[in-house]
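Below you'll find the structure, written out as structure tokens, and then a few comments.
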Amino acid sequence: MIIIKSDEEISKIGRASKIVAETLMRLGEVIVPGITTRDIEIRAEDIIKSNKATSAFKGYRGYPANLCISVNNEVIHGIPSRKRVLKDGDIVSLDVGVIYDGYIGDGAWTYPVGKVSRETMRLLAVTRESLYKGIEKARANNRVSDISHSIQTHVEGCGYSVVRAFVGHGVGRSLHEEPQIPNYGLPNKGPRLKKGMVLAIEPMVNAGGYEVAVLKDGWTAVTVDGSMSAHFEHTVVITEDEAGILTQLN
Ligand code: MF3
Ligand code: CO
């Protein structure tokens, strides 16, 4: 069942989502060569705490950290570590979910570390664009796969591939609600979108093939061919016209 949120619930998800946006923005400012992913974890915990929120990820199915930090060929769900030092030319995906007043916002952004190759900068741009292509289709009376198809068309048209093993999702009191939102597929399939639905749309895009594998830590998903991977995510609310993007700072 897809939960339709009341205006009051939407404003609570909005507050959680603003904290996500602030966290992602402030973490983006500290990313420099030499920082460890554990440093970012500590900073994230501080920012979330100072906003009187808690991580929606820590403890979720046993996930051990406040956010996910995925470097280079890591797609999603990377675990912060004091041994993982970011270096010039890396890319790093930060995925942040917070709970505020019982409601969750979920967002992700991929940042370059120092100076990154032109080709990798293009991967980031195309993945970010594909998120906004998906959001354009997130409108009342469209169907879920209209979002999926729009993302896939943009990504594959640019020569990259869309990860299939992980999907976007509804979000609210729970981190993962219905519907699932694949980042690929034919248009005009799946549930019809309605005003008051809140969705986390999150394309994960690989420079090479779409296949992924999960490392022995049980969490970190990596590209099988070792290619770079990017991830951008917004929590959005379906309205009567354009979707409202909740995980952004105005
Ligand atoms: N944004 C991701 C998702 O929706 C992050 C979940 S990580 C977990 O799946 F640790 F909480 F599982
Ligand atoms: Co998500």
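Every residue in the stretch 92-129 that is polar (S, T, N, Q) and within 15 Å of ligand 2 (Cβ to nearest atom), please.
SER93, THR110, THR127, listed by residue number.
Within the group LYS18, LYS87, LYS49, which residue is surrounded by fewer than 17 Cβ atoms within 10 Å (Cβ to Cβ) and in a helix (DSSP H, G or I)?
LYS49
Applying the selection to the stretch 180-202, what residues are touching a Lys or Arg at 6+ places or on another chain (Cβ under 9 Å) and either open to solvent by less than 40 Å² (accessible area, probe 1.4 Å) or at positive phi (or both)?
Residues satisfying the conditions are PRO182, ASN183, ASN188, GLY190, LEU193, GLY196, MET197, VAL198.
Condition check ((1) under 16 Å from the mean Cα position of the chain (by Cα); (2) among the aromatic types (Phe, Trp, Tyr)) across all residues:
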{"position": "PRO64", "(1), (2)": "no, no"}
{"position": "VAL71", "(1), (2)": "yes, no"}
{"position": "LYS87", "(1), (2)": "no, no"}
{"position": "LEU94", "(1), (2)": "yes, no"}
{"position": "TYR100", "(1), (2)": "no, yes"}
{"position": "GLY105", "(1), (2)": "yes, no"}
{"position": "ALA108", "(1), (2)": "yes, no"}
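Let me spell it out: the conditions are (1) touching a helix residue (DSSP H, G or I) at 6+ places or on another chain (Cβ under 8 Å); (2) free of Cβ contacts under 8 Å to residues at least 12 places away in the same chain, and GLY62 meets all of them except one. Which number is the exception?
(1) is the only condition that GLY62 fails.
VAL71: more than 12 Å from ligand 1 (Cβ to nearest atom), touching a Lys or Arg at 6+ places or on another chain (Cβ under 8 Å) and open to solvent by less than 10 Å² (accessible area, probe 1.4 Å), yes or no?
It is true that VAL71 is more than 12 Å from ligand 1 (Cβ to nearest atom), touching a Lys or Arg at 6+ places or on another chain (Cβ under 8 Å) and open to solvent by less than 10 Å² (accessible area, probe 1.4 Å).
When the stretch 110-150 is examined, which residues are found to be under 14 Å from the mean Cα position of the chain (by Cα), in contact (Cβ under 8 Å) with a residue 40 or more places away in the chain, closer than 21 Å to SER70 by Cα and assigned to a helix (DSSP H, G or I)?
Those that are under 14 Å from the mean Cα position of the chain (by Cα), in contact (Cβ under 8 Å) with a residue 40 or more places away in the chain, closer than 21 Å to SER70 by Cα and assigned to a helix (DSSP H, G or I): LEU124, THR127, ARG128, SER130, LEU131.
The values are calculated or read from the model by the stated rules, or taken from the named source; none is laboratory data. Please read these numbers as outputs of a predicted model, since none were measured by experiment. FYI the Cβ positions are ideal-geometry reconstructions off the backbone, even for glycines, and counts take in every protein chain you see. These accessible areas exclude ligands, DNA and RNA; they are computed on the full protein's heavy atoms, side chains included. Shrake-Rupley method; radii C 1.70, N 1.55, O 1.52, S 1.80 Å.
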